[in-house]
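Encoded as structure tokens, the structure appears first; notes follow it.
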Amino acid sequence: MCIEKTPWEQVIDFHGHTCPEIALGYRIAQIAKRELGIQPGLEPEVIVTADTHSCALDAFQIINRATYGRGNLQVEEKKLHVYHFQKKGLPEELQISLRSEILEQLVSTEEHLSTREKQNRTLEAIRMILSTEETLFCTIQRG
């Protein structure tokens with residue numbers, strides 16, 4: 001019997017582990033997919049430009065089929081969680097920016113935590129990322 005994996009499971013398998021930034025990428029990739037009307041298929045329909053290198057990029061490779069090898073995943077390092085999506089053949093760009101309040105909640109400098117406490121914080125952060133109301137999670141601009 002073959003059980004099909006969910007998109008979330010596919011992203012985690014590709015990335016190798018769960019972490020807050022892969023959850024960010026997953027959520028942003030899903031929003032872009034919905035907003036641009038990207039259909040499932042083998043051929044990539046979207047060009048993604050990220051303003052930072054992060055684990056989030058792995059989610060774009062699975063959900064949006066944007067890869068470095070195909071040339072439709074690019075990074076212009078500005079150390080900002082801002083992502084630009086453009087459906088091939090269309091001039092309009094979609095920009096998704098993570099709200100600073102979300103990033104502030106993810107920053108943790110407490111190195112004295114036990115392994116279990118760090119795991120719990122990671123799970124809490126992932127839950128927060130995946131469940132926060134979209135308007136509180138990011139801003140979406142078309143241009």
- Task: For the range 27-72, name all the residues that are charged (D, E, K, R) and part of a helix (DSSP H, G or I).
- Result: 27, 33, 34, 35, 58
- Query: Would a scan of the range 73-84 turn up a residue that is over 14 Å from residue 48 (Cβ atoms), modelled with pLDDT under 95 and not in a loop (DSSP other than H, G, I, E, B)?
  - Reply: no
- Query: Are any residues in the range 18-28 at pLDDT below 95 and either surrounded by fewer than 17 Cβ atoms within 10 Å (Cβ to Cβ) or β-branched (Val, Ile, Thr) (or both), and if so, which ones?
  - Reply: 18
- Task: Could you pull out the residue among 38, 31 that is hydrophobic (A, V, I, L, M, F, W, C), within 10 Å of the chain's Cα centre (by Cα) and crowded, with 17+ Cβ neighbours inside 10 Å?
- Result: 31
- Item | Scope the range 15-66; condition among the acidic types (Asp, Glu) and closer than 22 Å to residue 92 by Cα; matching residues | 35, 43, 45, 51
- Item | Filtered residues of the range 1-17 (kept if touching a residue at least 24 places away in the same chain (Cβ under 8 Å) and either surrounded by fewer than 15 Cβ atoms within 10 Å (Cβ to Cβ) or touching a Cys at 6+ places or on another chain (Cβ under 8 Å) (or both)) | 14, 15
- Yes/no for residue 127 being surrounded by fewer than 16 Cβ atoms within 10 Å (Cβ to Cβ), among the basic types (Lys, Arg) and touching a helix residue (DSSP H, G or I) at 6+ places or on another chain (Cβ under 7 Å): no
- residue 18 fails exactly one of (1) assigned to a loop (DSSP other than H, G, I, E, B); (2) closer than 18 Å to residue 81 by Cα, namely (2)
- Note on the structure: Taking the range 41-76 and keeping only residues that are under 20 Å from residue 140 (Cα atoms) and over 15 Å from the mean Cα position of the chain (by Cα), one is left with 45, 76
- Message: Against the definition (of a type in the set (Val, Ile, Thr), modelled with pLDDT of 95 or more and out of contact with any Gly (no Cβ under 8 Å at 6 or more places or on another chain)), how does residue 109 come out, yes or no?
- Response: no
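The values are calculated or read from the model by the stated rules, or taken from the named source; none is laboratory data. These numbers come from a predicted model, not from an experiment. We place every Cβ from the backbone using ideal geometry, glycine too, and count neighbours over all the protein chains shown.
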